[in-house]
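I have placed the structure first, in the form of structure tokens, so that the comments after it can refer back to it.
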Amino acid sequence: MNPNELHIRLCKMEDTINQLSSRLLNMTKAASLTTDANTSGKQHTSQVRSYGVQGEVHNDVTVAGQYGFAAAHLSGARAITHSPYGNNQSKYISAVFDPRYHPIGLKAGETQQHDNQGQFVYLSLDGLQVNGKEKIFLQIAGHTIMEISSEGIDITGKVTASGDGTFGGISVDQHTHTSGKEGSPTSKPN
């Protein structure tokens, strides 16, 4: 092999190594999400920017989520992106996190689902805590059966209790009346 042929082969090898290096660098990247989640389709998408302000920008990148869970992230959230085989055309977002709203003070073993307004469902070591901004709704088959707010609790439907109930400080089982016999009009309970 003459020196010219050797040089050509080495240049081709260098090109191949550069292509492989580029693909490896493109496989997994940290990114910033530069748009709110687009939730209009069956798969949420977002615009992502890798490598800082002057870096790459990719539009309509699919956000891969866990089955049964969906979240509509806000612009400015951070993400991890993957490009199978180093091909940016098949890029997807595998994880989204937003330090601006991340809960603090959780103990080992606890979890919390939260949003950007301070609402959360918190599975703590002491029990379950649900915090709504204004109201909490409990629905069955799309119908609200319980609405909880700072004003009180509204229940739609029949309420069955196996124990005593206390309403306005008066026990249903233990209250008495000052007048009336069984079946006749009564006074207010004591």
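Bear in mind these aren't lab numbers, they're just calculated from the coordinates by the rules spelled out. The structure presented is a predicted model; accordingly, all values stated were derived computationally and were not measured. Note that each Cβ is placed from the backbone with ideal geometry, even for glycine, and that neighbours are counted across all protein chains shown.
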| For the stretch 111-159, the spread of Cα positions along each principal axis, largest first, Å | 33, 22, 22
| Arranged from highest to lowest average of other beta-carbon atoms within 10 Å per residue, in what order do the peptides 2-15, 134-147 appear? | 134-147, 2-15
| How do 159-169, 100-110 rank on mean C-beta neighbours within 10 Å, highest first? | 100-110, 159-169
| query | Angle between the Cα long axis of helix 3-27 and the longest principal axis of the chain, 0 to 90 degrees, nearest 10? | reply | 10 degrees
| message | Suppose we look only past 25 Å in the calculated P(r) of the chain. What percent of the Cα-Cα pairs does that tail hold? | response | 63 percent
| query | For the stretch 61-107, what is the convex hull volume of its Cα atoms per residue in Å³? | reply | 116 Å³
| query | Taking Lys133 as the anchor, which aspartates and glutamates have their alpha carbon closer than 16 Å to its alpha carbon, excluding any fewer than eight residues away along the same chain? | reply | Asp115, Glu147, Glu151
| Is it possible to state the helix-based mean residue ellipticity at 222 nm for the chain, with each DSSP H run of 4+ residues giving -39500 (n - 2.57), the sum divided by total residues, to the nearest 500 deg cm²/dmol? What is it? | -4500 deg cm²/dmol
| remark: Rounded to whole angstrom, the alpha-carbon centroid of the stretch 103-165 lies from that of the stretch 37-81 at a distance of 29 Å
| query | How large is Rg/Rh for the stretch 74-174, to two decimals, with Cα atoms and a Kirkwood Rh? | reply | 1.17
| said: Just to be sure I understand the curve: with the Debye formula and one point per C-alpha of the stretch 1-60, what is log10 I(q)/I(0) at q = 0.23, 0.27 Å⁻¹? | reply: -0.93, -1.04
